[in-house]
Amino acid sequence: MKSTQILFVCMGNICRSPTAEGVMRKYVEELGLSEQIIVDSAGTHDYHTGEPPDPRAQAAALRRGYDLSGLRARQVVPGDFERFDLILAMDFNNLAVLHSWCPEDLKHKTGLLMPYALNRRATIVHDPYYRSARDFDHVLDAIEDACQGLLGVLLGDGSVDGEPGRQVGTKLNVHSNTWAFPARAAGSRS
């Protein structure tokens, strides 16, 4: 079986995208799918290259059992558009940057993370960097929800671990890596 590689992207790769990487990595490991689903994260800007995630992001994640301490920030590089099957931005600004860099024939790989959320109608993960430590918990809430939905899609049944749930409506064929994004919620920006 060919692996599916997912890249989570935010601005500096020290808050939202490493959190998404840590959450998804743990979910994948718990299901024994680490060789089939490979996750990474990067930023659209190089402000923090080589730095660990923000201490507030690490603390919030650790309280829920996610260890982000080994992660280091990096910037998206041109090869990422070839390497990754799915490149998920945390917000529209970072998605726009990805689209400006991405070759036209690979733009189908890019999208937003939050349309995969099972219990939230938000279209983006808000940046907590200039906010309180409590906002990092809200970021984790959103990312956990979206990663559970994404994992359900990756498992091919729109649910997590085979349990029936809200059908996300889009599936990834892990044998061919054919991807289609979930429909946007009514009233959301496209």
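A short reminder: the numbers here are calculations on the coordinates, not readings from a lab. Here the structure is a predicted model, which is why all the values come from computation and not from measurement. Here the Cβ positions follow ideal geometry from the backbone for every residue, glycine too, while neighbour counts run over all protein chains shown.
The table that follows gives values for the structure above.
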{"read-out": "Residue exposure sequence - 99, 45 - by fewest surrounding Cβ within 10 Å", "value": "99, 45"}
{"read-out": "Neighbourhood charge, 12 Å Cβ-Cβ cut-off, centred on residue 9 and excluding it, Lys, Arg +1 and Asp, Glu -1", "value": "-1"}
{"read-out": "Distance histogram for segment 1-102 (every C-alpha pair counted, 10 angstrom bins, percent rounded to whole numbers)", "value": "17, 48, 31, 4"}
{"read-out": "For segment 4-154, size of Cβ-based charge dipole, Lys and Arg +1, Asp and Glu -1, in debye", "value": "340"}
{"read-out": "Percent breakdown of C-alpha pair distances by 10 Å bin, ordered from the shortest bin, for segment 67-116", "value": "24, 51, 23, 2"}
{"read-out": "Part-to-part distance (alpha-carbon centres) for segment 85-127 and segment 1-75, which is given in Å", "value": "15"}
{"read-out": "Overall form of segment 42-129 per C-alpha gyration tensor (a/c, 1.5; a/b vs b/c)", "value": "oblate"}
{"read-out": "Estimated FRET transfer efficiency when R0 is 25 angstrom, pair residue 104-residue 129 (beta carbons, to 0.05)", "value": "0.20"}
